[in-house]
Structures are given as C-alpha cells and as structure tokens.
1. Show me the helices (runs of 4 or more DSSP H) entirely contained within the range 88-202 in which 1 or more residues are at pLDDT below 95 and among the polar types (S, T, N, Q).
2. Could you check, for the range 238-245, whether at least one of its residues is at pLDDT 95 or above, closer than 16 Å to Leu131 by Cβ and crowded, with 16+ Cβ neighbours inside 10 Å?
3. Restricting to the range 185-198, name every residue that is over 15 Å from the mean Cα position of the chain (by Cα) and in contact (Cβ under 8 Å) with a residue 24 or more places away in the chain.
4. When Arg212 is evaluated against the numbered criteria (1) assigned to a strand (DSSP E or B); (2) of a type in the set (Lys, Arg); (3) at pLDDT 95 or above, which criterion, by number, is the only one it fails?
5. Determine, yes or no, whether Val111 is surrounded by fewer than 21 Cβ atoms within 10 Å (Cβ to Cβ), of a type in the set (A, V, I, L, M, F, W, C) and farther than 30 Å from Thr243 by Cβ.
6. If I filter the range 142-153 for residues that are touching a residue at least 60 places away in the same chain (Cβ under 8 Å), in contact with a His (Cβ under 8 Å, 6 or more places away or on another chain), under 23 Å from Lys238 (Cα atoms) and surrounded by 14 or more Cβ atoms within 10 Å (Cβ to Cβ), do I get at least one hit?
7. Can you find even one residue in the range 90-112 that is β-branched (Val, Ile, Thr) and in contact with a Ser or Thr (Cβ under 7 Å, 6 or more places away or on another chain)?
Amino acid sequence: MKISNLLSIPNEPKVNLEYDLNKFKKFRSYSKELDFSKVINPKLAYFIGYLQGDGCLEINNKKISFCDEYLDHLLELKNLSENLFGFGGTIRSRISSKAKKECYLLIIHSVQLNEFIHQVFNVNLGIKNNLRIPPVILSNKDILRWYISGLFDADGTLPKNPSRVKQKFVDVTFKDKEFILEIKQALEMFQIKTLKPYCRVAKSPHSDYISRTWELRIRRKEYMVRFLKEIGFAHNNKRHRATELLNLLDPWPSMDGATE
C-alpha cells in the first residue's frame, strides 16, 4: 500500500465500537475539547497499533506518550492525533539512557483519552505486559492491516541498506510470546507465513538481569513481497527502505498483482 503520510491513511471502512459515549464524549485537556467516535477506522487502528509498540499509557492515567528517534514521524503522529481526537499533544527531545543519543517524545496530556484507550481497546497501563490484539480490530481485515502496519512501524525492522545485505528480512519483536503468536495468526489471514517465533536472550552489561524477547521473522521472498504490498510500512524512514527492498525482491511486478 502506498501513502504519503499518516493523514493519507484511509477513513474507511468503519466498524462500530461498543462503549458508553457519554463517559468520554466531552472533556477538556489544557482547555482543549476532545471528541471520540463510535467507530474505529484504519487511522485509529494504526494509532492503536503504534501505541502498543512505541507508545505507553502512563500508569497515573494522566497522559499518553510515544518515543521515536525520528522527529518527522512524531510530527505526523501528532497530526494524526489531532485528526482523530482534536488534540495533538506536545513534542520534546531527550537523550536516550540506553542508546545515548537524542530521541523525541510526543506527550498527549489527557486523563480521559488514556482511559478511553485503556477501557475500549484493553491496552494496559504502564509496563506493556500481556499485550493482545483488540477483538474489534480482528473483526475486519482492512482495519487489521493498518493495525499491523502500526505495530511494524513501531517494533518492526528491515535492512537499513537492502541492496548491501545478503539475507533480506522483515521482522517484528515483542517481549510477550502470546502476542507474537497472535500477530503470526493475523499475518496468516493475509497469506503471509513466518518462521517459528525465536526467543532472543540477552544479558545486561551493567547487571545480572537477563532479558528475553520474541522475534517473528519473515524470510521467504514471496511472503516478504506479500507483506510489503498488502501491509507495508507507513513510517517515513522505514517506508523508503521498504520500497527499496520491494524493488529488489520484485523488480518486475505484474500489473494485476500490486496492491496500492
């Protein structure tokens, strides 16, 4: 799928959301009134997917935050939030404690938006344990594809220089194995097969803490091509790399096989 920015994600189809609208409909955040819809569309599905990857519902219920090393993507995400809820939040820079390099934070101060996403989509507060794909997103394939795109934009990876690597790949990583298995099943709805989930173990250089993450890896050419055409990346940096990768994997695509 080809888009120029997050606001060009389609507004259709729409799936009804079941919740008490009066609980969230009108409130003010920094003197700005926010609105909620009774439906989920591809834009909101992408927002939820990206939130479950590189975002966080603060445990104090007061805000939602996103972190990314690319300022341009957070600016697009801010515009998307403005489009969805009428309020985009603020962006500031910080130095990452792990990577020791500058990154950017998008912070949306809103108790009610935090609670809305927590209650309606069952996104947990604070540390992201026991992530699951919201059932309403699984109910519609077109909604699901944009949700998966949000997940891969946040925690997916592909070669930085596709033409220079021998092994081409499209991967996504999360700590929760059950969530990885759900993503694997969701990809199969698009006839995209992955390798068996791989557990990566790493020891902290500063302590005895051992971390475990689960990787879902797409390796076969036909499934990488299908992913890039059917789902793809919306993140500006990854989108350009994905285009280069697709041109290498499928340099002469058939006219009736491409998905725009």
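The values are calculated or read from the model by the stated rules, or taken from the named source; none is laboratory data. Fair warning: this is a prediction, and the values are worked out from it, not measured in the lab. Methodologically, a virtual Cβ is constructed for each residue, glycine included, from the backbone with ideal geometry; neighbour enumeration extends over all protein chains shown.
1. On the way: elements: 111-121, 135-138, 141-155, 177-188.
Helices (runs of 4 or more DSSP H) meeting the threshold: 111-121.
2. Scanning the range 238-245, I find no residue that is at pLDDT 95 or above, closer than 16 Å to Leu131 by Cβ and crowded, with 16+ Cβ neighbours inside 10 Å, so the answer is no.
3. We begin by selecting, within the range 185-198, every residue over 15 Å from the mean Cα position of the chain (by Cα); these are 185, 188-198.
Within the range 185-198, Met189, Phe190, Gln191, Ile192, Lys193, Thr194, Leu195 qualify.
4. (3)
5. Values: surrounded by fewer than 21 Cβ atoms within 10 Å (Cβ to Cβ): yes; of a type in the set (A, V, I, L, M, F, W, C): yes; farther than 30 Å from Thr243 by Cβ: yes.
For Val111, the condition - surrounded by fewer than 21 Cβ atoms within 10 Å (Cβ to Cβ), of a type in the set (A, V, I, L, M, F, W, C) and farther than 30 Å from Thr243 by Cβ - is met.
6. Initially, the range 142-153 is screened for residues touching a residue at least 60 places away in the same chain (Cβ under 8 Å), giving 142-153.
Next cut, in contact with a His (Cβ under 8 Å, 6 or more places away or on another chain) only: 153.
In the following step, the residues that additionally are under 23 Å from Lys238 (Cα atoms) were identified as 153.
Of the ones still in play, those that are also surrounded by 14 or more Cβ atoms within 10 Å (Cβ to Cβ) are 153.
Yes: the range 142-153 contains one or more residues that are touching a residue at least 60 places away in the same chain (Cβ under 8 Å), in contact with a His (Cβ under 8 Å, 6 or more places away or on another chain), under 23 Å from Lys238 (Cα atoms) and surrounded by 14 or more Cβ atoms within 10 Å (Cβ to Cβ).
7. Initially, the range 90-112 is screened for residues β-branched (Val, Ile, Thr), giving 90-91, 95, 107-108, 111.
If we keep only those that are in contact with a Ser or Thr (Cβ under 7 Å, 6 or more places away or on another chain) too, we end up with 107-108.
Within the range 90-112 (the criterion being β-branched (Val, Ile, Thr) and in contact with a Ser or Thr (Cβ under 7 Å, 6 or more places away or on another chain)), the answer is yes, since at least one residue qualifies.
Residues checked against (1) assigned by TED's automatic domain parsing to the domain that holds Lys175; (2) at pLDDT below 95; (3) not in a loop (DSSP other than H, G, I, E, B):
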{"residue": "Tyr19", "(1), (2), (3)": "no, yes, no"}
{"residue": "Lys25", "(1), (2), (3)": "no, yes, no"}
{"residue": "Arg28", "(1), (2), (3)": "no, yes, yes"}
{"residue": "Leu44", "(1), (2), (3)": "no, no, yes"}
{"residue": "Gly49", "(1), (2), (3)": "no, no, yes"}
{"residue": "Gly53", "(1), (2), (3)": "no, no, yes"}
{"residue": "Asn60", "(1), (2), (3)": "no, yes, no"}
{"residue": "Leu77", "(1), (2), (3)": "no, no, yes"}
{"residue": "Leu80", "(1), (2), (3)": "no, no, yes"}
